[in-house]
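Chemist: Input: one structure, supplied below.
The values are calculated or read from the model by the stated rules, or taken from the named source; none is laboratory data. Computed from a prediction, not measured in an experiment: that's the story for all the values here. Ideal geometry is used to build each Cβ from the backbone, glycine not excepted, and the neighbour counts take in all protein chains shown. The accessibility values were calculated without ligands, DNA or RNA, using every heavy atom of the protein model including side chains. Shrake-Rupley method; radii C 1.70, N 1.55, O 1.52, S 1.80 Å.
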Amino acid sequence: CHPFAHWAIEEAVDNALTHNDDGTTVTVRTADANGRVRLVVEDDGSGIPPLEVESLQRQAESQLVHGQGLGLQVIYWATESAGGSLAIENRERGGARVAMEFPSA
């Protein structure tokens, strides 16, 4: 993958480990997706606060709507800079899923 891909991957795993309880399980899966590398980081923790997801999706912040940190922004910027795509969501049964796809190098 592109050299920036590692920043997105490291940040996604670090966020899953840092922003959840000690008993949270973090799973990382990879796959070949039609010539692209797909990487999914999932956890069974408390999920991502809705304000964080909204701030990332809007790609604009205001005094009233803004993220608490830069973790999700780093994932977004690194993925986009690497020519990839990103999907972040909270899972129905708890936890979060961060799915990234990168062009194969």
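Chemist: Given the DSSP H assignment, sum -39500 (n - 2.57) over each helix run of at least 4 residues in the chain and divide by its residue total; what's the result at 222 nm in deg cm²/dmol, nearest 500?
Modeler: Numbers: 3 runs with 34 residues, N = 105.
Taking each H run of at least 4 residues, the total per residue is -10000 deg cm²/dmol.
Chemist: At a 1.4 Å probe, what is the % contribution of carbon and sulfur to the accessible area of the chain? Show your work: numbers first, answer last.
Modeler: Details: 3220 of 6320 Å².
Looking at the chain in its full context, I get 51 percent from C and S.
Chemist: OK, next. Could you tell me which of Val28, Leu39, Ser55 has its Cα farthest along the dipole of the chain towards the positive end, charges placed at Cβ (Lys, Arg +1; Asp, Glu -1), taken about the Cα centre?
Modeler: Projecting each Cα onto the dipole axis, the largest value belongs to Leu39.
Chemist: Another question, then. Return the Rg/Rh ratio of the chain with Cα-based radii and a Kirkwood Rh. Intermediate values should be presented prior to the final figure.
Modeler: Values: Rg = 13.5 Å, Rh = 14.0 Å.
Result: Rg/Rh = 0.97.
Chemist: Express in nm, to one decimal, how much length is gained between Val40 and Trp77 on full extension, taking 0.36 nm for each residue of separation and deducting their alpha carbon distance.
Modeler: Length difference between fully extended and current span is 11.6 nm.
Chemist: Same structure, new question: Given an 8 Å cut-off on Cα distances and at least 6 residues of separation, report the relative contact order of the chain as a percent.
Modeler: Reported as a whole number, the value is 37 percent.
Chemist: Quick one: compute the contact order of the stretch 11-53, relative version, from alpha carbon pairs under 8 angstrom and 6+ residues apart, as a percent. Could the numbers behind the result be given before it?
Modeler: Details: 43 pairs, mean separation 15.8, N = 43.
Computed value for the stretch 11-53: 37 percent relative contact order.
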